[in-house]
Amino acid sequence: QKLWLVMHYYLVLVASLVPLTPNSRTRGFSAPLRGGRATLAVSPSPVSSRLPSERAQPGKRREAEPPEGKLVPDSWLDNWYPVMFTADVPADSPVAAQVFERPLVLYRDEEGLQCLADTCPHRLAPLSEGRLAVDASGTTRLECSYHGWQFAGCGKCTKLPQLEGTKPILPLYGASAYPVREAQGVAYVFLGNASLAESVPLPLAPELDAEGWIYEQDYMRDLPYDYTTLVENIIDPSHVPVSHHGTVQGDRNLAQPIATSVSERMPPIGFQGKTEVPLHASSRLSFAQTKAVQTVTFTAPSLLAYRFSVPAGDASALFYPIPVARGRSRILVRRARNFRTERVMRTADLVAKHLENNIVFDQDMAFLCGQEARLQALRADGWGGAWRAKRDSEVGGGRSYVMPAAPVRRLPTPPSLSAMARL
């Protein structure tokens, strides 16, 4: 249970930052546990974020600041967040993304990958609907297709067609820019204090740079439930045989007790743990019929790696959870191995794997969206005080859980359901 305990503590920290808010698109909710002084801000709406005082200075990346009333703990923004695979950033057009409800636009110019706020400071049009234009000097600029304003990678406005005569383009006409990096085929964005970006390490998987390793089957999907729910689901090995029955991952007839332990805590809030279960208990892959155990490493906040050894070699399943907005998340999935490296998957194989990944996430969808909706309804009912006090006392006080039940325990009955049962 140690692995679950550490994971719950982490998710509680994340969840306590965001108030529960309904997701109008999916009827789902974010899944924080408790309200505290710190609230996750999510990024401002386009209107509130484009005040002149917040606009970028020429040649300088703005240090992202949340709007008044929406406080974001610096420690959460001061991280590199994956956004998408770099292969999904076109060479000839911009592409939209979002992290913490902050609209972003990524594109490429002569200096490499660039990231701006996806909001033109003129009329708030999305820059991701613009185009890449080459100016008189031969330099690529991001052009807003509404009125033709152009921007450099640092956010500086370099062209304003409506400006009369020789009037200068003022700094306040610039767009907000964010530090961005490419590493291991993933695009990362730093939303916090830009001066800290160089000192914060990227959440990298060492095997992807190791000799003899290959990776393939990159998969990306936007999901209609919260980041906290997504992370908890990925870290939960107990659901795999049952929820994913019928896929290469699961067989409900092989569900069994799973021993877990934490072997290393990785500051500030990551960990490395072990699931002491034979791989064949949760996988029907022919090469996985072995008594080897799998380890899981969580490099908070956005890299979760399952690693295991089989007779043929070593393999990894890498998950990059992304907090898109309250009640919405994105997942990047990559698989790597150091055996059968000469085998190249055909297009038909890649399509089949992509469809299989869709099935796996579809299998969890109803459970996770329903879980968030029900947790919100129960908390609105005032449920939770009794079990929270009991659980706090069990772990020394001051602690709570995102989900108040371990794999082998049921949720306490909420007062409203108890009253209905007596009618």
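The values are calculated or read from the model by the stated rules, or taken from the named source; none is laboratory data. Here the structure is a predicted model, which is why all the values come from computation and not from measurement. Neighbour counts run over all protein chains shown; Cβ positions are idealised from the backbone, glycine included.
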* Which of the residues that make up the range 331-358 are buried (at least 22 other Cβ atoms within 10 Å of the Cβ) and either β-branched (Val, Ile, Thr) or under 11 Å from the mean Cα position of the chain (by Cα) (or both)? -> ILE331, LEU332
* Tell me, yes or no, whether the range 107-114 has at least one residue that is crowded, with 23+ Cβ neighbours inside 10 Å and of a type in the set (A, V, I, L, M, F, W, C). => no
* Structure fact -> Across the range 187-196, the tally of residues that are buried (at least 21 other Cβ atoms within 10 Å of the Cβ) and under 19 Å from GLU111 (Cβ atoms) stands at 4
* Structure fact -> Checked against (1) touching a residue at least 60 places away in the same chain (Cβ under 8 Å); (2) of a type outside the set (Phe, Trp, Tyr); (3) crowded, with 20+ Cβ neighbours inside 10 Å; (4) touching a His at 6+ places or on another chain (Cβ under 9 Å), GLY250 satisfies every condition except (1)
* Asked: Does any residue of the range 272-293 turn out to be out of contact with any helix residue (DSSP H, G or I) (no Cβ under 7 Å at 6 or more places or on another chain), outside the structural domain of PHE100 (by TED's automatic domain parsing), in a loop (DSSP other than H, G, I, E, B) and at pLDDT 70 or above?
  -> no
* Please go through the range 126-148 and pick out each residue that is in a loop (DSSP other than H, G, I, E, B), surrounded by 14 or more Cβ atoms within 10 Å (Cβ to Cβ) and out of contact with any Ser or Thr (no Cβ under 9 Å at 6 or more places or on another chain). => CYS144, SER145, TYR146, GLY148
* Does ASP314 satisfy the criteria of being farther than 25 Å from GLN98 by Cβ, modelled with pLDDT of 90 or more and either in the same structural domain as LEU104 (by TED's automatic domain parsing) or among the acidic types (Asp, Glu) (or both)? -> yes
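Restrict the check to the range 206-217 and report whether at least one residue is buried (at least 19 other Cβ atoms within 10 Å of the Cβ) and modelled with pLDDT of 95 or more.
There is at least one residue in the range 206-217 that is buried (at least 19 other Cβ atoms within 10 Å of the Cβ) and modelled with pLDDT of 95 or more.
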* To do: List the number of the failed condition for ARG123; all other conditions in (1) outside any strand (DSSP E or B); (2) modelled with pLDDT of 95 or more; (3) in contact with a helix residue (DSSP H, G or I) (Cβ under 7 Å, 6 or more places away or on another chain) hold.
  => (3)
* In the range 197-211, what residues are touching an Asp or Glu at 6+ places or on another chain (Cβ under 9 Å) and farther than 19 Å from ARG102 by Cα? -> VAL200, GLU207
* Asked: So is THR140 among the β-branched types (Val, Ile, Thr) and either in contact with a Pro (Cβ under 6 Å, 6 or more places away or on another chain) or not assigned by TED's automatic domain parsing to the domain that holds SER93 (or both) or not?
  -> no
* Structure fact -> Here, strands (runs of 3 or more DSSP E) confined to the range 168-241 with at least 2 residues that are closer than 28 Å to LEU368 by Cα and outside the structural domain of THR297 (by TED's automatic domain parsing) are 186-190
